[in-house]
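The values are calculated or read from the model by the stated rules, or taken from the named source; none is laboratory data. Treat the numbers as computed from the prediction; the structure is a model and nothing was measured. Heads up, the Cβs are rebuilt from the backbone with ideal geometry, glycines too, and the neighbour counts pull from every protein chain shown.
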Amino acid sequence: MALDWLDRFHHDSEKDPDYAQKTLAAYRLGMRGKGSILGVVIESTPTCCDAARNLPYGKVYHPDDAPHLPLPNCRQGRHCGCVYRPMMTYQRQEEP
Ligand SMILES: [Zn+2]
């Protein structure tokens with residue numbers, strides 16, 4: 001599947017300088033393609049910076065609106081563990 005390369009990003013690996021741009025562009029394409037991608041979520045880790053952990057948990061962003069990673073006020077920069085994950089339509093949780 002076309003998005004497989006995205007899974008090669010591990011939380012502890014350094015992000016490419018254009019990580020946000022490339023990743024969001026791929027999701028944007030994916031949303032157009034089969035319509036199975038709802039948007040992106042930002043997955044942070046316990047070792048992530050405060051900026052990442054303070055993001056609303058589980059919020060689904062449109063790729064155009066998603067904050068760019070690494071976050072501007074992140075002290076770990078490209079080493080920060082926060083990554084984008086696709087939110088697929090089949091993963092959608094029922095709104096209360
Ligand atoms: Zn961070």
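May I ask you to say which residue of 39, 81, 77 is away from the ligand (no atom under 16 Å from the Cβ) and either modelled with pLDDT of 85 or more or surrounded by 13 or more Cβ atoms within 10 Å (Cβ to Cβ) (or both)? So the residue among 39, 81, 77 that is away from the ligand (no atom under 16 Å from the Cβ) and either modelled with pLDDT of 85 or more or surrounded by 13 or more Cβ atoms within 10 Å (Cβ to Cβ) (or both) is 39.
Quick grid of which residues meet (1) in a loop (DSSP other than H, G, I, E, B); (2) at pLDDT below 90:
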| residue | (1), (2) |
| --- | --- |
| 13 | yes, yes |
| 20 | no, no |
| 26 | no, no |
| 52 | no, yes |
| 57 | yes, yes |
| 65 | yes, no |
| 68 | yes, no |
| 73 | yes, yes |
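Within the stretch 53-74, being more than 9 Å from the ligand (Cβ to nearest atom) and either aliphatic (A, V, I, L, M) or under 13 Å from residue 14 (Cβ atoms) (or both) holds for 55, 60, 66. Per the conditions (1) touching a residue at least 12 places away in the same chain (Cβ under 8 Å); (2) within 14 Å of the chain's Cα centre (by Cα); (3) surrounded by 13 or more Cβ atoms within 10 Å (Cβ to Cβ), the sole criterion not satisfied by residue 68 is (3).
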